[in-house]
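Notes follow once the structure below has been shown.
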Amino acid sequence: MFDIGLNLTSSQFAKDRDEIVARAFAAGVKGLLLTGTNLHESEQARLLASRYEHCWSTAGVHPHDSSQWTHESADELYALAKMPEVVAIGECGLDFNRNFSTPEEQERAFTAQLAVAAELGMPVFMHCRDAHDRFLALLDPWLDKLPGAVLHCFTGSRQEALDCLQRGLYLGITGWVCDERRGLELRELLPAIPADRLLVETDAPYLLPRDMKPKPASRRNEPAYLGHIVERVAQWREEDPHWLAAQTDENVRRLFGITI
Ligand SMILES: [Zn+2]
């Protein structure tokens, strides 16, 4: 099993990154994709990916950081994306829930990053919150120019999932689905996701699964807990967790073109 969303550059991991990575592999995780959320963090994620075995990174600008996107950003992103550790453009997309950057800034940065991905023939790692229609409207013209795309930490409705699947997107499922307060709709639509479109991720240090027993002392999530998410997702899909883990590994190889 492979964690496609780990924010290893987070300051929450500053004191014990080596242990976090070691615990993940000891728990059976086979590989990690480290999320880059702006150009500086993407370089940090790349450096971490080069430091550890079985780690890769994304390079991009998160919707929250989209106000930082300038004329030079595309050139910087090209340079980063050509490094061997970087296997996807992102995290990029739209987040109209919090609007830390204006919608206009987010749309401009998202489209510019889709253009970079298309130019380089790289998959994209995307984020979308409360922006489904605009997200698809901006993405649609690029889909036939991209080798693949994942909507990470999918938390939308059944119809939104179907819209994404119909376009050939992969969906990244996090421990959000373990949350009995807000994950129920997602839980119910899990069986509608074809096994060859499903990816799993912790999005650590965020989104600690709420139903872990015993509850970890710290509220911090970490990639060693990926197995818990895989077990729950398999249970709600009525599948064997080992089979599902192998399927998602196959999807990682296909989408990101990496050997695990
Ligand atoms: Zn995200």
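The values are calculated or read from the model by the stated rules, or taken from the named source; none is laboratory data. The model shown is predicted, which means the values in this text are computed figures rather than measured ones. Cβ: placed from backbone, ideal geometry, glycine included. Neighbour counts: every protein chain shown. When the accessible area is computed, the model is the full protein with side chains, heavy atoms only, and any ligands, DNA or RNA have been set aside. Shrake-Rupley method; radii C 1.70, N 1.55, O 1.52, S 1.80 Å.
Odds and ends about this structure:
- In the chain, the portion of solvent-accessible area held by carbon and sulfur atoms comes to 49 percent [1.4 Å probe, whole percent, DNA, RNA and ligands not counted].
- Near GLY5, the amide H atoms lying under 5 Å from its own belong to LEU33, THR202, ASP203; only residues 5 or more places off or on other chains count, and H is placed 1.01 Å from N.
- Rounded to the nearest 20 debye, the dipole size of the stretch 119-260 about its Cα centre is 420 debye, using +1 on the Cβ of Lys and Arg and -1 on the Cβ of Asp and Glu.
- Counting only protein chain heavy atoms and rolling a 1.4 Å probe, the accessible areas of THR259, THR35 rank, largest first, as THR259, THR35.
- Here the Karplus relation 6.51 cos²θ - 1.76 cosθ + 1.60, evaluated at θ = phi - 60°, turns the backbone of the stretch 236-244 into coupling constants of 6, 8, 6, 10, 6, x, 5, 5, 5 Hz, with x for every Gly and Pro.
- Along the axis of the charge dipole computed for the chain (Cβ charges of +1 for Lys and Arg, -1 for Asp and Glu, origin at the Cα centre), the listed residues THR9, PHE110, SER66 are led at the positive end by THR9.
- Candidate aspartates and glutamates - alpha carbon under 16 Å from LYS213, same-chain residues fewer than 8 apart omitted: ASP179, GLU180, GLU222, GLU231
- Think of a 1.4 Å ball rolled over the protein heavy atoms: the chain then has 43 Å² of accessible area per residue.
- ³J(HN,Hα), Karplus 6.51/-1.76/1.60, whole Hz, each residue of the stretch 71-83, x for Gly, Pro: 4, 7, 4, 4, 4, 5, 5, 4, 4, 5, 5, 7, 6
- Here the chain is treated with +1 on each Lys and Arg Cβ and -1 on each Asp and Glu Cβ, and its dipole about the Cα centre works out to around 580 debye.
- Dipole of the chain computed with +1 at Lys/Arg Cβ and -1 at Asp/Glu Cβ about the Cα centre; of THR174, THR155, LEU34, farthest Cα towards the positive end is THR174.
- Long-range HN-HN contacts of VAL86 with modeled amide H, under 5 Å: SER57
- For the stretch 95-190, the relative contact order is 23 percent, taking Cα pairs closer than 8 Å that sit 6 or more residues apart in sequence and dividing their mean separation by the residue count.
- Near the amide H of ASN221, within less than 5 Å, lie the amide hydrogens of TYR206, LEU208, all on another chain or at least 5 residues away, with H placed in the peptide plane.
- Shape analysis of the stretch 124-260 places it in the prolate category; the axes a ≥ b ≥ c from the Cα gyration tensor give an a/c of at least 1.5, with a/b above b/c.
- Using θ = phi - 60° and Karplus 6.51 cos²θ - 1.76 cosθ + 1.60, couplings along the stretch 128-144 (whole Hz; Gly, Pro as x): 9, 9, 6, 8, 3, 5, 5, 4, 5, 4, 6, 6, 3, x, 9, 4, 7
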